[in-house]
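Please read the structure below before turning to the comments.
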Number of protein chains: 2
Amino acid sequence: MTPIENDSYHHGNLRQALLDAAVRTLKNHSVEQLSLRALAREAGVSQTAPYRHFKDKHQLLAELATQGFDELTEALLADRQPEDNTAQAMSACGRGYLRFALNNPEKYRLMFGKGMHDRTLYPELEASGMRAFGVLQEWVTRGIENDELDASDPELTAYHVWACVHGLASLIMDGKSHCSDQESVEQLVEANLGMIKQRLLK
Amino acid sequence: MTPIENDSYHHGNLRQALLDAAVRTLKNHSVEQLSLRALAREAGVSQTAPYRHFKDKHQLLAELATQGFDELTEALLADRQPEDNTAQAMSACGRGYLRFALNNPEKYRLMFGKGMHDRTLYPELEASGMRAFGVLQEWVTRGIENDELDASDPELTAYHVWACVHGLASLIMDGKSHCSDQESVEQLVEANLGMIKQRLLK
DNA sequence: CAGGCATGTTAACACTGTCAACACGCTATG
DNA sequence: CATAGCGTGTTGACAGTGTTAACATGCCTG
């Protein structure tokens, strides 16, 4: 878990240690509160050492976000079974998405939001984002092919579903939902996922 | 437009001048780039003068956001006609919402997102947000009463629609839409609004 | 073994938010 | 009408930030 303790002049594992420290920070603090200098302190290293491994603060954030999208992809696939039909895939993906977002709100906010300058500067970020979107698009496409979905354009439909789920996650995360307790949030999520499914499924 | 020029020791209109400068800044810069000191410079005043009018940077941001929600409420009502049926109200609200968000992306990001510490500290902010949501909820409620909408719970349905539209706005603003030109964005918006309507109208 | 290169450090600059102490000038009260 | 007070603006300072330049260390390769 913790990076190897190293008393020598060279840390040995600083790059990963900084990323780990950043992930840890995002558990309790917002992206805006995350500082390179604090990460360096936590890694037991001088305040400019990070610049040997990251051009920018933005680059570190971009790598965190990339890693976040990969985790999101896993979350989307976690509850899926190979034999799932479209309705089951929808439910699994939706729950996986919301679970990830609500369990890692600050990381999620970093992935979307404006943590970095310009995400087009980071091709790996774009790619990992695309992979996550691809999971959605895959079952939507299959659902349309199998005539299970009431839709024609797979990409547009997948984008629409993404927007709905993303909006739901954002509103809840930003406290715009009246319900504070865990249980009523889950009910809200289920109700919303139900409304999406209800009208998209034939 | 510009605050009154005032060579005297006292500015005379600093509070509003700062808010105006902030709004101007958000036209070209992100919330993160907005600094109190820069606003003070733009108002031709020392760097700590703002603290006579705002306890915090957060308080200034909260007031901007409050003002933003009021503008959003106007935008939601702008294209509405008193005799509109639910379908027409949906379209007008949806277009108004997206127009506001895409024309004022940084202000919108401030309104949602994590610009302030804790929005519950600013009751006026909460209230103006509620007024905006109320516009949505109003026509949803009427639509259900008139049996024009295929839904039962007005609040839940309004929240669902809000999530869909908010998600769409966020994804487009954060550049997750492939389409860069104005025209294809509008097509994307229309297609998405269409899918929401199609699914909700009886 | 020696030199080079990756990785670390120190010092410094230009920013930021924020507070305390001080200065100005309008307004109300004696 | 004078003066005391208070709202407003200023100066100076502290702590924190991202970032660069110049310097130091030590492993790895020729």
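Tabulated data
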read-out	value
Given charges at Cβ of Lys, Arg, Asp, Glu: region B:40-84 dipole, positive-most of B:69, B:58, B:44	B:44
Cα-based Rg and Dmax for the protein assembly as shown, where Dmax is the largest Cα-Cα distance (Å)	22.9, 77
For residues of B:152-163, the mean tally of beta carbons on other chains within 10 Å	5
Cut-off 11 Å between beta-carbons: net charge of the residues surrounding residue B:49, Lys and Arg +1, Asp and Glu -1	+4
Residue B:24-residue A:147 pseudo-label distance in nm [points 7 Å out on the Cα-to-Cβ vector]	6.3
At 7 Å out from Cα toward Cβ: residue B:121 inter-copy label distances (nm, ascending)	3.1
Contour excess over end-to-end distance, with Cα ends at residue A:70 and residue A:117 and 0.36 nm allotted per residue	14.9 nm
Nm distances between copies for residue A:180, ranked from closest, using label points 7 Å along Cα→Cβ	4.6
Distances in nm from residue A:147 to the matching label points in the other copies, shortest first (labels 7 Å along Cα to Cβ)	3.3
Kyte-Doolittle at least -0.5, axis length at least 24 Å by Cα - qualifying DSSP helices, chain A	A:57-78, A:86-103, A:123-145, A:154-173, A:182-200
Chain lengthening between residue B:35 and residue B:177 when straightened (0.36 nm per residue, less Cα-Cα)	48.1 nm
Highest average packing first - B:52-61, A:172-181, B:98-107, Cβ atoms within 10 Å	B:98-107, B:52-61, A:172-181
For chain B: relative contact order, % (alpha-carbon pairs under 8 angstrom, 6 or more apart)	19
Average beta-carbon neighbours from other chains, 10 Å sphere, peptide A:113-123	2
Value of Rg/Rh across chain A [Cα atoms, Kirkwood radius]	1.04
Average beta-carbon neighbours from other chains, 10 Å sphere, peptide B:166-177	6
Part-to-part distance (alpha-carbon centres) for region B:48-64 and region A:151-202, which is given in Å	35
Estimated D of region B:87-173 in µm² per second, where Rh is the Kirkwood radius over Cα pairs and Stokes-Einstein applies at 10 °C, 1.306 mPa s	114
Out-of-range pairs (alpha-carbon distance over 23 Å; input A:114/B:176; B:107/B:197; B:55/B:107; A:107/A:176; A:55/A:114; B:176/B:202)	B:107/B:197; B:176/B:202
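Just so you know, all these numbers are worked out from the coordinates, no wet-lab data involved. Values in this document were obtained by computation on a predicted structure and should not be read as measured data. So basically every Cβ, Gly included, is an ideal-geometry build from the backbone, and we count neighbours across all protein chains shown.
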